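> Have a look at this one before I ask anything.
The values are calculated or read from the model by the stated rules, or taken from the named source; none is laboratory data. The model shown is predicted, which means the values in this text are computed figures rather than measured ones. Because the Cβ atoms are built from the backbone with ideal geometry, glycine has one as well, and the counts that use them run over all protein chains shown.
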Amino acid sequence: MTGRFVVLAGPSGVGKSPLVAALRRLHPELDATLTPVVLYNSRDPRPGEIDGVDYHFRRRSDIEQLAKQPRFVECDVRGDLQCLDLDELGELLESGGNALFEGNPFVPEALRQAGVFDRYDTVTLFMSPLSADEIRYLRAAEGNVDLASLVTDVMRRKLLRRTRKQKGELSLPDLENIERRASSAIGELRLAWRYDRVIANHDGEDSENWDAFYYPIGDAFTALESLVALLEGKPAKGTEAWTEDLIPE
């Protein structure tokens, strides 16, 4: 019997990492059933990140060489080059282990095209900074709301707060990186309809609602409860199913 592949994706800064950390802290019995998928990444580690745990941090030229092998899937992720070892993932799942991918939506798209989702029992979750109702309201609002600009600004503010917490003063490359990630978010949200469930969460990685009080509160609480329910095979009231036409091109 093969294991289950759990995919948690969404824009940079939306809250994926603190959600997984909250699961580890408060539901260790569930976390223990999941083996994180560790990708190769060409970017430098952020403060607190560990090589081999968060990513395999390598030079871009090294990852380009790996990507020439059929066993690797390669993705350009907002300017960073990432790749994943398909053989390593397959060995884990075929041995009955459960895998967890937590990250950007581009890698899951590459895995979908490679047929990985068709071969294994897969649960796909997308984390969004806005709910479907909010998106519908904004699209219908008077004044011709530019949804792309609004989403970019929402994520820009989250990423600015996150990066200031990590680094204090920001450099020009930091600001350029934030802008690249923020402007990518609207395109990533357009992929959410492909996922089994969407978790609408306003408490991004910049929010103290994840751990300031040890237990999550606000949307962070709802996101954690939803993830736990889905991992346990139960209905998750705090999730949504999106349609392809929710965010038009």
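> Name every residue in region 29-49 that is closer than 29 Å to E232 by Cβ, surrounded by fewer than 17 Cβ atoms within 10 Å (Cβ to Cβ) and without any contact (Cβ under 8 Å) to a residue 60 or more places away in the chain, in order of residue number.
Correct list: E29, A32, V38.
So that you can scan it fast, the table gives a plain yes or no per residue for (1) buried (at least 16 other Cβ atoms within 10 Å of the Cβ); (2) closer than 22 Å to K158 by Cβ; (3) among the acidic types (D, E):
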position: V6; (1), (2), (3): yes, no, no
position: S12; (1), (2), (3): yes, yes, no
position: P18; (1), (2), (3): yes, yes, no
position: F57; (1), (2), (3): yes, no, no
position: K68; (1), (2), (3): no, no, no
position: F72; (1), (2), (3): yes, no, no
position: D76; (1), (2), (3): no, no, yes
position: D87; (1), (2), (3): no, no, yes
position: P108; (1), (2), (3): yes, yes, no
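> Give the number of residues within region 147-159 that are polar (S, T, N, Q) and either buried (at least 16 other Cβ atoms within 10 Å of the Cβ) or in contact (Cβ under 8 Å) with a residue 40 or more places away in the chain (or both).
Total satisfying the criteria: 1.
> Oh, and also: Exactly one of these conditions fails for R162: (1) surrounded by fewer than 19 Cβ atoms within 10 Å (Cβ to Cβ); (2) assigned to a helix (DSSP H, G or I); (3) among the charged types (D, E, K, R); (4) out of contact with any helix residue (DSSP H, G or I) (no Cβ under 8 Å at 6 or more places or on another chain). Give me its number.
Here R162 clears every test but (1).
> When you look at G187, is it part of a loop (DSSP other than H, G, I, E, B) and farther than 24 Å from E49 by Cα, yes or no?
no
> Output the number of residues of region 1-43 satisfying the condition of being of a type in the set (D, E, K, R) and touching a Leu at 6+ places or on another chain (Cβ under 6 Å).
Total meeting the criteria: 2.
> Scan region 206-229 for residues that are surrounded by fewer than 21 Cβ atoms within 10 Å (Cβ to Cβ), closer than 25 Å to N98 by Cα and either among the aliphatic types (A, V, I, L, M) or touching a residue at least 40 places away in the same chain (Cβ under 8 Å) (or both) and report the count.
Of the residues in that region, 2 qualify.
> Determine whether L93 is over 30 Å from A148 (Cβ atoms), among the hydrophobic types (A, V, I, L, M, F, W, C), surrounded by fewer than 20 Cβ atoms within 10 Å (Cβ to Cβ) and at pLDDT 95 or above. Write out each step before concluding.
Values: over 30 Å from A148 (Cβ atoms): yes; among the hydrophobic types (A, V, I, L, M, F, W, C): yes; surrounded by fewer than 20 Cβ atoms within 10 Å (Cβ to Cβ): no; at pLDDT 95 or above: yes.
The answer is no for L93.
> Follow-up. Out of all the residues in region 90-120, which are closer than 22 Å to R78 by Cβ and assigned to a helix (DSSP H, G or I)?
F106, V107, P108, E109, A110, L111, R112, Q113, V116
> Hey, any hits in region 182-201 for a residue that's touching a residue at least 12 places away in the same chain (Cβ under 8 Å), more than 20 Å from the chain's Cα centre (by Cα) and surrounded by fewer than 21 Cβ atoms within 10 Å (Cβ to Cβ)? Full working, then the answer.
Taking region 182-201 as the starting set, the residues that turn out to be touching a residue at least 12 places away in the same chain (Cβ under 8 Å) are 182-186, 188-201.
Filter again for more than 20 Å from the chain's Cα centre (by Cα), leaving none.
Within region 182-201 (the criterion being touching a residue at least 12 places away in the same chain (Cβ under 8 Å), more than 20 Å from the chain's Cα centre (by Cα) and surrounded by fewer than 21 Cβ atoms within 10 Å (Cβ to Cβ)), the answer is no, since none of the residues qualifies.
> Right, here's the next one. Out of V14, V20, V38, which single residue is closer than 16 Å to W210 by Cα, aliphatic (A, V, I, L, M) and assigned to a loop (DSSP other than H, G, I, E, B)? Walk me through how you get there before you give the answer.
Values: V20 fails: assigned to a loop (DSSP other than H, G, I, E, B); V38 fails: closer than 16 Å to W210 by Cα.
None of the other options fit; the residue is V14.
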